[in-house]
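Colleague: Structure in C-alpha cells, see below.
Only the coordinates and a few stated rules stand behind these numbers; no lab work does. All figures in this text were calculated on a predicted structure; none of them were measured in a lab. Please note: Cβ atoms are built from the backbone with ideal geometry, for glycine as well, and neighbour counts cover all protein chains shown.
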Amino acid sequence: MSPSPSPGRASGSVAPWLGAVAVLQVVHLFAAATFLQDAHRLSLTGDVAGWAVGLLAVAGTVAATLSFAPGDYLRRVWGLLTAGAFLSLVSTALRSYWMHAVPDVPFVDSPLLPVRMVVVVLANVSTTFALVLLARTYRQSGLEPPPSSRATLLWAVAAVCALAVGGPALVTAMGHLGKGFAATCTAVIALASTLADMTTILLVAPILRVAYMLRGGRLAWVWWAMGVSGAVWLVYDAREWLAMVLPGNPTEVVELLRTLRTSGLAMLGLAGWLQRSALAASQRESRARVAVPTG
C-alpha cells in the first residue's frame with residue numbers, strides 16, 4: 001500500500017499533541033536541573049522519564065503497525081520501528097533493574113552492560129532499516145519529488161549537519177575502543193547510536209521533501225515528527241562534546257542534554273499515532289464517498 005496524502009488540514013488536531021511532547025520535555029528538563037546535585041534523585045528522574053516515553057513510543061508505533069493490513073509494505077516499516085522502540089524500552093528496563101537491584105554499583109560495571117550493547121545495536125539497526133524501506137516506498141510509489149537544485153541543497157545541508165554533530169561523537173567513541181571491556185561496550189553503544197542517527201538525518205531529508213509536498217495534510221505531520229525525532233537523537237548522541245562548547249559545567253550540561261531522549265522517543269510515538277489517525281481519517285472519507293448516491 002502506497003502512502004497517500006490525507007485531505008484536509010490537521011494543524012488544529014496536531015497542536016495539542018505537540019504541546020504535550022513539549023510539556024514532557026520541559027518537565028523532565030526542569031526535574032533534571034533541580035536534582036543535578038543529587039545523583040540518586042537524578043537517576044530516578046531519568047528512570048521515570050525513560051519508562052514513560054518508552055511506553056509511549058511502543059504504543060504509538062504499535063498503533064501505526066496495526067492500522068495496516070497484514071502483508072502491507074508499510075506494516076513492515078512500522079513493524080521495524082516498533083521493534084526499535086521495544087528494544088529501546090528493553091534497554092531502559094535493563095538499566096532500571098540494575099539501578100534498583102544494585103544501587104551502589106554503576107551500570108558500566110554491570111554484567112548486563114554487554115546485553116544492553118546488543119539490544120541498543122539491534123534497536124538502531126531496526127529503526128534505520130525501517131527508514132530505508134520507507135524511502136524506497138516513496139520512490140517506488142512515484143511520490144518522490146523530481147530532482148532539483150533545492151533538493152540537492154537540502155541533502156547537502158543534512159549531510160553537513162550529520163557530520164558536524166555526529167562526527168566528533170564518532171571520534172570520541174572510537175577513542176574509547178579497546179580501553180577495557182566496559183569502555184569498549186559503551187563505545188560500541190555510542191557508535192551504533194550515532195551512526196544510526198546520522199543515517200536517519202540523511203534518509204529523513206528526502207522524506208521531508210515529500211512531507212513538504214503534502215503540506216497541510218495529516219500524513220505530512222507524520223514525517224515532520226519523524227524528522228524532528230531524528231534530529232533530536234543526533235543532538236543527544238553529541239551531548240559529550242556539545243557540553244564542552246556550551247556554557248556551564250560540562251558534567252551538568254551533559255545531564256541536561258540527556259533529557260532530550262524524552263523528545264526523541266515521544267516524537268516517534270507521536271508519529272505512529274498520527275499515522276494511525278491519518279489512515280483512519282482517509283478510510284472514513286473513502287467510506288463516506290462510497291455512501292453518497294451518484295445518480
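Colleague: Under a Cβ-only charge scheme (Lys and Arg +1, Asp and Glu -1), can you give me the dipole magnitude of segment 13-276 about the Cα centre, in debye to the nearest 20?
Modeller: Dipole size: approximately 820 debye.
Colleague: Hey, can you rank 271-281, 95-105 by average C-beta count inside 10 Å, highest first?
Modeller: Taking the mean over residues of other Cβ atoms within 10 Å, the ranking is 271-281, 95-105.
Colleague: Which order do peptides 80-92, 117-129, 31-43 fall in by mean Cβ count within 10 Å, highest first?
Modeller: 80-92, 117-129, 31-43
Colleague: Where a ≥ b ≥ c are the square roots of the eigenvalues of the C-alpha gyration tensor, would you call segment 13-276 rounded, which needs a/c under 1.5, or, failing that, prolate if a/b is larger than b/c, or oblate?
Modeller: Prolate is the answer for segment 13-276, as a/c is 1.5 or above and a/b outweighs b/c.
Colleague: Considering Cα pairs under 8 angstrom that are at least six residues apart, work out the relative contact order of segment 13-276 and quote it in whole percent.
Modeller: Taking the mean separation of contacting Cα pairs over the length of segment 13-276, I get 27 percent.
Colleague: Sort 106-113, 232-239, 243-250 by packing, meaning the average of other beta carbons within 10 Å per residue, with the highest value first.
Modeller: 232-239, 106-113, 243-250
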